[in-house]
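Below is one structure; the comments refer to it alone.
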Amino acid sequence: MTSFANRVVLDPTNERHATTVERVGRPTSLKGLTVGLLDISKARGDVFIDRLEERLSEMGADVKRYKKPTFTKPAPVDLRHEISVNCQVVIEALAD
Amino acid sequence: MALPVLPNGLVIIVKRECETCRMVVPVIEQLNNGSLPVTIYVQDDPAFPESLAPIHDADLSISWHHDIETVPTVLRIENGVEVARTVGWVRDEWHRVTKQSSLGPDLSAFRPGCGSLSVDPDLVDELRVRFGATTLSARRVDIAEAEDEFEAMFDRGWTDGLPVIPPTEQRVMRMLTGTTRQPTDVVAIVPPDLVEITIEKVAINAVMAGCKPEYLPWVIAGLEAACNDTFNIHGVLATTMPVGPVIVCNGPGTRAIGMNSGMNVFGQGNRANLTIGRAIQLIIRNIGGGRPGEVDRATHGNPGKLSFCFAEDEIGSPWTTLAESRGLSPTVDAVTVFPGEGPRCVVDQLARDPESLTNTFAACLRTLHNPKSVLAFDAIVVMGPEHARVYAEAGWDRDRVLEEIHARLQIPGSELIRGAGGIAEGVPERLNGLTLPKFRPGGLLLVHAGGGAGLFSAIIGGWANGDVGSQPVTKEVLP
């Protein structure tokens, strides 16, 4: 009676099943939409976002700026919520 | 499983392999002719004793559920309840339990029994699963007969790239004997998926990493230290920089579980060092969902992301311990987690005075990540014993060593601004007139470790420090 259980192992994972969230449809135009620009606080991300704001404003979008406290941590839940209720589109600048 | 009910009268558990059991057969025959009914359970040979129609406790359920640790054991059962018990052969005790007299007149008065098969170290793990494991709640995953169980672990994405021990229920149950905490206790919320992890899941991953049960409290403490906003394992995992959790262990327990703090302290060969750190990283992967190429975006990574865990050499140290410097008693066990890259060597074979040696440390530390980078990164100095001796002979304590290094790393802004020295990297021009320290206050940690020969030390470079990144965290290891 040495090995009756050796072919059964315990699942080491979190056993969670990913939930699928439907994406919002892609808008045909940004005119009149509110576009959130999320600066993740990495160096020079603001340079990129400044330029995006100019271009988006020219296209008739209403631009709102947001900023994470630090790039090393996920965006705080309150910030995510604020963006979700205020914006129809969000652009996150990731790179240095 | 319900407790198997024993018949009223006398119940005697024996095994043929036990000399005492064989010796008392005539006594049992005497009892069998007495007023109380006698039932005999035998653990090994179903035919023993031949004269007495024994019942074979083939799966040891009678022995397990009635806590039989020694054979022979004699029980007196009244109305289905045990009212008296004795083990081995002690004539007076047998008289008391059986309510008879003049038993075994030819035998000596006393002979110890033997170990019950139900507590045999080779069987006990499996019996624990067979009879007592209903508390574990993890999903059971069947491995096909034709499947290689080690390949199966790879196929399911559960490994760090090296083979893991398949976490069978009996191995996990054995691992859980290493902690007093309940399998259902929640230890931490593990990034990046922010999933609660229970002691049971810690134990499963600790089995896979190759831990012994006595390492489990260290794994638990390491997780508690890493999975919080202060240490920020999320960022340590996700960063493009080559860092992972470096775990420095302190306290008498490091020696009790055989951790290495000496020769080849960061290297291969020590099970505790390698598997404690590995278990924590497996948990980040398997529970937190943190996998390379997904949330882990490291440009290069480093081999220490498999495991980078070691003990401080406290016995040979001239200084207080790292954990003590961080506010804990030197008598307790503790882990300190630090977001670190791979170690680099500091060579100075000629310095025999502390000033000269400190100049070497300062010059080497100046180059950390970039000679023009200041304040952004912490570091651990792992002082080798031969270097520490130079300081000990000069009477420099831990604080003095760190102060002297800091004093030598006050750098003129003119050397640090962008473009200075023909290097674009640097601090903004507006800091030109200032003097800036390489390290923030408290940004250097000092640990004593390494082999007794070699005028070397090591530096472990850190990652984005402070509230924007990661702070080292020290936690007590509890049973």
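Just a few scattered comments:
- Derived scalar couplings between HN and Hα for the stretch B:119-125 equal 10, 4, x, 6, 10, 5, 5 Hz in order, rounded to whole Hz, by the Karplus curve 6.51 cos²θ - 1.76 cosθ + 1.60 (θ = phi - 60°), x for Gly and Pro.
- Positive-end extreme of charge dipole, the stretch A:34-93 - chosen from A:P76, A:N86, A:M59 (charges on Cβ): A:P76
- Charge dipole (the protein assembly as shown, unit charges on Cβ, about Cα centre) - positive-most of B:P46, B:C364, B:S108: B:C364
- Over all directions, the projected convex hull of the C-alpha atoms in the stretch B:336-479 averages 10.3 nm² in area.
- Low-density loop positions, trypsin sites (Lys or Arg not before Pro), the stretch B:27-115 - DSSP coil, at most 12 other Cβ in 10 Å: B:K99
- All-pairs Cα distance distribution in the stretch B:187-312, expressed in whole percent, bin size 10 Å: 14, 48, 33, 5
- Likely footprinting exposure, B:H95, B:H406, fewest C-beta neighbours within 10 Å first: B:H95, B:H406
- Dipole magnitude of the protein assembly as shown about its Cα centre (Cβ charges: Lys, Arg +1; Asp, Glu -1), debye to nearest 20: 1260 debye
- Computed [θ] at 222 nm, helices only, for the protein assembly as shown once each DSSP H run of length n ≥ 4 contributes -39500 (n - 2.57): -8000 deg cm²/dmol
- Mean projected area of the convex hull spanned by the Cα atoms of chain A, taken over all viewing directions: 10.1 nm².
- With bins 10 Å wide beginning at 0, the percent of Cα pairs of chain B falling in each bin runs 4, 17, 21, 17, 13, 11, 8, 5, 3, 1, 0.
- Our summary gives the stretch B:9-132 a relative contact order of 27 percent, counting only alpha carbon pairs under 8 angstrom and 6 or more residues apart.
- Selection from B:A351, B:Q268, B:I315, by position along the positive dipole direction of the stretch B:152-476 (Cβ): B:Q268
- For the stretch A:37-71, the set of trypsin sites (Lys or Arg not before Pro) satisfying both a DSSP loop assignment and a count of at most 13 other C-beta atoms within 10 Å is given as A:R44.
- Dimensionless Rg ratio for the stretch B:214-268, taking C-alpha atoms and the 2.2 N^0.38 Å reference: 1.32
- Take the Cα radius of gyration of the protein assembly as shown and divide it by 2.2 N^0.38 Å, N being the number of residues; the result is 1.32.
- Relative intensity, log₁₀ I(q)/I(0), of the stretch B:293-348 from a Debye sum that treats every alpha carbon as a point, q = 0.29 Å⁻¹: -1.26
- Eigenvalues of the alpha-carbon gyration tensor of the stretch B:9-132, scaled by 5 and square-rooted, set the equivalent ellipsoid semi-axes at 23, 15, 13 angstrom, largest first.
- Burial ordering of B:I276, A:I40, B:I423, fewest other beta-carbon atoms within 10 Å first: B:I423, A:I40, B:I276
- Other protein chain Cβ atoms within 10 Å, averaged over every residue that makes up B:164-172: 4
- Dipole magnitude (debye, nearest 20) for the stretch B:9-132, charges at Cβ of Lys, Arg, Asp, Glu: 460 debye
- Loop-located GluC sites (Glu not before Pro) in the stretch B:277-366, at most 15 other Cβ atoms within 10 Å (DSSP): B:E294
- Sequence-distant contacts, meaning Cα pairs under 8 Å at least 6 residues apart, place the relative contact order of chain B at 13 percent.
- Candidates A:E22, A:E53, A:E82, ranked by Gaussian network fluctuation over chain A, Cα under 10 Å, top entry: A:E22
- Structure note, pairs B:K201/B:K438; A:K68/B:K438; A:K64/B:K305; A:K64/B:K372: Cα-Cα distances above 32 angstrom occur for B:K201/B:K438; A:K64/B:K305; A:K64/B:K372.
- Helix B:385-394 axis, angle to chain B major axis (alpha carbon atoms, nearest 10°): 60 degrees
- For chain B, B:C211, B:C227, B:C249, B:C309, B:C345, B:C364 have no disulfide-compatible partner, since no other Cys C-beta lies under 4.7 Å from theirs.
- Diffusion coefficient (Stokes-Einstein, Kirkwood radius over C-alpha pairs, 20 °C, 1.002 mPa s) for the stretch B:158-228: 175 µm²/s, rounded to a whole number.
- At R0 = 60 Å, FRET efficiency that the Cβ-Cβ distance of B:I423 and A:E82 yields, to 0.05: 0.90
- Ranked list, fewest to most other Cβ atoms within 10 Å of each Cβ, for B:H300, B:H387: B:H300, B:H387
- In Hz, Karplus ³J(HN,Hα) per residue of the stretch B:365-370 (6.51, -1.76, 1.60; θ = phi - 60°; x = Gly, Pro): 5, 4, 7, 3, 6, 6
- With the simple model of a label 7 Å out from the Cα in the direction of the Cβ, A:I91 to B:I189 spans 3.3 nm.
- Distant alpha-carbon pairs in the stretch B:90-173 (separation over 15 angstrom), percent: 73 percent
Read-outs: derived from the displayed coordinates by stated rules, not from any lab. Keep in mind that this is a model prediction, so the values were computed, not measured. When we count neighbours, we look across all protein chains shown, and the Cβ atoms used for this are built from the backbone with ideal geometry, even at glycine.
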